[in-house]
Amino acid sequence: MKAAVVSSFGAPPRYEDFPDPAPAGDNELVVTVLAAGLHPRVRAQADGSHYTSTGELPLVPGIDGVGRGPDGLLRYFILPGTTLGAMAEQTVIDTRRSIVLPSGSDPVAVAAAMNPAMSSWVALRRRVPFRAGQSLLILGATGNAGQLAVQIAKLSGAPRIVAAGRNAERLARLPAAGATDTVSLDGKPEVVARRLSQAASDVDAVLDYLWGEPSAAAMAAIVTGRADRGKPLTWIQAGSIAGPTAQILSAALRGTRLTIVGSGQGSVSAREYLAELPALAEEIAAGTLHIGARAMPLAEVEKAWAAVGATHRIVVTPQQ
Ligand SMILES: NC(=O)c1ccc[n+]([C@@H]2O[C@H](COP(=O)([O-])OP(=O)(O)OC[C@H]3O[C@@H](n4cnc5c(N)ncnc54)[C@H](OP(=O)(O)O)[C@@H]3O)[C@@H](O)[C@H]2O)c1
């Protein structure tokens, strides 16, 4: 079969021949892959930088996707750590890590949205006790995960959703998705800090896709501007698109009621992720949750890798 094959962590995957897969265990199924999302997590898998990387090569990237099995059912699946990922004509899934999709589901829309949507859906439902009526700041709201987080926060009953991002055009579209305030992260650090402090220093929770220097600065701005320092503030670390480490002010932890938690693979169990998939798939199939998707044939995987930017989530389509 044909697949996207990574032979060296220094180069993008290439469209090449790869051995046909065969199921090994009782719950395994070979599926024809219809769509697989090119998420930041997949790029990190393919360049060996993700924290789950074992360094084993060659590998076919792709951590999730939509496929059809011999039973004719359309499934969304999440793959375990494997060298045969979703960016192939066929892959092996564990049916226990898959769900049958609602009828009428668009494979490209599901493959595009599930991974970025899961970040906020699972964080707010499973990782922290986020209740309807609480307010939320989303740092990095202009990315695909951030845009979906705005929509999911609205669905979760957040009356105030502050969306902070760098890209002006995408930021301007977020009020239509549910943001009640927007904060531009573009500009001099002291100006950005003032904007954040004014717009979000009293929020109940922060959903942070950035980390690195922008998050450290945002945390300092928010805790120093907080009027009620005894009011709990939950900082949810969900992504690190701006850097893997951040300098945390010790005074932020001592001087306010700040709790920092992470939400992702490991801090949330596979069982908990799986339990949330059907409801999330329903919302995507119903069109309630939406991001732009751009389908690209598997044969053009090198071109897909070269396309950067958060305007659309690229989805590789092996059957096209
Ligand atoms: N924990 C989870 O369960 C989970 C699930 C999905 C994703 N994630 C993580 O969440 C992060 C975002 O994923 P995504 O799918 O939204 O990626 P994406 O669609 O590629 O978007 C990334 C966004 O980050 C912005 N950005 C990059 N550097 C920035 C900086 N220094 N300051 C401000 N904005 C910056 C980009 O803005 P510009 O357009 O201005 O460049 C872009 O809007 C990634 O780290 C990903 O691994 C976590």
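Nothing in this text is a laboratory measurement; each read-out follows from the coordinates by a stated rule. Computed from a predicted model, the values in this text were never measured in an experiment. We place every Cβ from the backbone using ideal geometry, glycine too, and count neighbours over all the protein chains shown.
Annotations for the structure displayed:
- Cross-link partners for Lys303 among the lysines, with Cα-Cα distance under 28 Å and sequence neighbours closer than 8 places in the same chain left out: Lys2.
- Alpha-carbon centroids, region 1-47 and region 180-249: separation in whole Å: 37
- Residue-by-residue Karplus 3J(HN,Hα) for region 197-205, coefficients 6.51, -1.76, 1.60, Hz, glycine and proline x: 4, 5, 8, 9, 5, 10, 5, 7, 8
- The dipole here belongs to region 170-216: it is taken about the Cα centre, uses +1 on the Cβ of Lys and Arg and -1 on the Cβ of Asp and Glu, and is about 240 debye.
- Cut-off under 5 Å, modelled amide H: who pairs with Trp235 long-range: Val206, Thr259, Ile260, Val261
- Hydrodynamic radius of region 1-79 per Kirkwood, over alpha carbon pairs, in Å: 13.6
- Residues Val191, Val60, ranked from the fewest to the most other C-beta atoms within 10 Å, line up as Val191, Val60.
- Look at where the Cα atoms of region 56-113 and of region 265-320 average out, and the two centres are 10 Å apart.
- Placing +1 on the Cβ of every Lys and Arg and -1 on the Cβ of every Asp and Glu, with no other charges, gives region 10-76 a dipole of roughly 320 debye about its Cα centre.
- Lys, Arg +1 and Asp, Glu -1 on Cβ, resulting dipole of the chain about Cα centre, debye, nearest 20: 1220
- Packing, taken as the mean count of other beta carbons within 10 Å per residue, orders the peptides 194-203, 105-114, 18-27 from highest to lowest as 105-114, 194-203, 18-27.
- Where Rh is the Kirkwood radius over Cα pairs, Rg/Rh for the chain: 0.99
- Computed 3J(HN,Hα) for region 241-247, one whole-Hz value per residue from the Karplus formula 6.51 cos²θ - 1.76 cosθ + 1.60 where θ = phi - 60°, is 5, 9, x, x, 10, 9, 8, glycine and proline marked x.
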